[in-house]
Amino acid sequence: MSKVSRRKFLAGSLAGGAAVVAAPAKKALAAGNFSGFPDGMGVLVDLTRCVGCRSCEAACNKEQNLPKPAVPFDDTSVFDLTFHHGTQKRRPDENAYTVVNRYEPEGMDKPTYRKMQCMHCNEPSCLTSCFVKAYTKTDEGAVVYDEHVCVGCRTCMVACPHNIPAYAYSKVINPVVKKCIFCYDTRVSQGKPPACVDICPAQVMTFGKRKDLLKLAKARIKRNPEKYQTEIYGEETVGGSAWMYISGAPLDEVGCDTSLPKEPIISNVKGFLGVVPMVLSIWPALFTGFHLLATKNKDHHDSHHAEGEE
Amino acid sequence: MFDASKWHMKALLLLMMGLFMSVSVYAMDASDAPDSITIDAIAQYYEPVEFDHAMHTELAEDCSVCHHHSTGNGTSDIYCSRCHSDYKELDRVSCQDCHSVDSFSAEAINRQGQQDLFHADMLGLKGAYHQNCLGCHQEMDGPVGCEDCHAKTDAGEKLFDSGKYAPEPSEGGGSHH
């Protein structure tokens, strides 16, 4: 065997290895463009319509069999509650999967009320961060979870850009993560709107196919440009979500985080994570090959040398 | 023999009949509408609303303020008038003739996808009532509280954990955080 042929083999194997490296990385990046299932459902929340009656909170409480509230659901004094030295308004927790907050944006004569709950992202970071695969994005667009497999690691709480998953800290035995499930079991899986949407007196929320709702939202903004902001929160925010908001007040003044990127959270690590299986499977084989070739040559040389000595 | 007074009477009667008929054919008059309407199609958590139609007819400048293009003098909205400028009175003018009780029926969701349809974004009955009524009440300083128009039913108090179902100060698990 000549030295040239071995060099050719090495060069070939390197090129082949590089091709294998490139292929999955490219595929992983392309998968970052998932924009939801074609017939996935969604909810368009029109903040110009909300009057802060809290009916959605009451309906959610009953639908999800949540504990009795501390104050009645028609008590609007909860809008004055703040936490962490006044820096934070109410947030969904284990006892309330949705809460309404009141905002007083500058230059508006009326307050704006905003209901918050899980956004049901197209590419949920809670799902991708969960190492026991407790989360599922259903065909209908809901992000649901199996609390029987949840180990309570709370990684999803850190991963969620909207700060939605809450932890059942009050449960002594088997505390798990709790969040809005889009009323999947009882309603959305049967084509019915979630309880909060159903009860809303002013039809603040419109339930429908996400792709149709986007068109409706744009039509509303186009028809009333002086009434609405041009952005749709959730259209592209962290890869888009089933729930979307349109508002009269600037979105960052009504509790929406407009600093969030357009790319889903998983995009930050997808390129890297896509390479991991390749590194684990190809590299051992490749380098074992190199090692064998190197040692084989050495053995051959040694034996030849030994033959020569004989 | 010619009786002038009789002829006059006949002519007057005919003229009055003619006038009355032409008016009734031309448009539905506010006086044709019921004075009071019981709105009970969606009553569940709240009692039905006794809607004083006569009072609202007097307040509104024209029927079309609430009835859009279906009755009154037609719409003044430039978007609506693109199709409905050729105004004609519709046979059915009540809210629920267009705005369905089931806001998100399969049919309503299907309609949202029909982009050639201008009314793809149609409100359900409950949304239509509250947006039309509440929007105007806010502008005209009318009543705006939920129970200013309709009292809660027992089911409503149960839903809201209010009234006789209100939580004791010590009970209740909601931490509101």
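The values are calculated or read from the model by the stated rules, or taken from the named source; none is laboratory data. Only a predicted model underlies this, so the values are computations on that prediction, with no experimental measurement involved. A quick note on method: Cβ atoms are made from the backbone with ideal geometry, for glycine too, and the neighbour counts reach across all protein chains shown. Quick note on the areas: whole protein, heavy atoms, side chains included, nothing else; ligands and nucleic acids left out. Shrake-Rupley method; radii C 1.70, N 1.55, O 1.52, S 1.80 Å.
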- Item | Shape call, the range B:30-165: gyration tensor on alpha carbons, a/c limit 1.5 | oblate
- Message: Rolling a 1.4 Å sphere over the protein heavy atoms, what is the accessible area per residue of the range A:37-263, to the nearest Å²?
- Response: 43
- Task: Could you list which residues have their amide H under 5 Å from that of A:Lys178, counting only those 5 or more apart in sequence or on another chain, with H placed in the peptide plane?
- Result: A:Ala166, A:Tyr167, A:Ala168
- Message: Could you tell me the center-to-center distance, by alpha carbons, between the range A:60-86 and the range A:87-138 in angstrom?
- Response: 15
- Task: Give me a single rounded figure for A:204-210: the average over its residues of other chain Cβ atoms within 10 Å of their Cβ.
- Result: 5
- Query: So what does A:Met108 come to for accessible area, using a 1.4 Å probe and Å² rounded to 10?
  - Reply: 80
- Item | Cβ neighbours within 10 Å from other chains - mean over B:106-113 | 5
- With the convex hull built on the Cα atoms of the range A:37-263, state its orientation-averaged projected area in nm². 12.5
- Among B:146-159, A:266-279, A:46-59, how do they line up from the highest to the lowest mean number of other beta-carbon atoms within 10 Å? A:46-59, B:146-159, A:266-279
- Item | For the range B:65-109 and the range A:144-161, distance of Cα centres in Å | 47
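Given R₀ = 45 Å, FRET efficiency for A:Ala285-A:Lys133 by Cβ-Cβ distance, to 0.05?
0.95
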- XL table A:Lys218/A:Lys270; A:Lys270/A:Lys296; A:Lys62/A:Lys209; Cα-Cα > 27 Å flagged, in table order, is A:Lys218/A:Lys270; A:Lys270/A:Lys296
- Query: Just the accessible area for B:Tyr45, please: 1.4 Å probe, Å², rounded to the nearest 10?
  - Reply: 60
- Run the 1.4 Å probe and let me know the accessible area of A:Lys110, rounded to the nearest 10 Å². 110
- Query: When the solvent-accessible surface of protein heavy atoms is calculated with a 1.4 angstrom probe, in what order do B:His56, A:His120 fall, highest first?
  - Reply: B:His56, A:His120
- Using a 1.4 Å probe on protein heavy atoms only, how many Å² of accessible area do A and B hide from each other, summed over both chains and rounded to 100? 3500
- Which residues in the range A:83-114 have a backbone N closer than 17 Å to a point placed 7 Å from the Cα of A:Ser259 along the Cα-to-Cβ line? A:87-89
- Item | Average beta-carbon neighbours from other chains, 10 Å sphere, peptide A:91-98 | 3
- Query: What list of ³J(HN,Hα) values in whole Hz, one per residue of the range A:180-186 in order, does the Karplus curve 6.51 cos²θ - 1.76 cosθ + 1.60 (θ = phi - 60°) give from phi, with Gly and Pro shown as x?
  - Reply: 4, 10, 6, 6, 4, 4, 9
- Given the candidates A:Ser55, A:Ser259, A:Val172, the one whose Cα lies deepest towards the positive end of the charge dipole of the range A:37-263, counting +1 at each Lys or Arg C-beta and -1 at each Asp or Glu C-beta, is A:Ser55
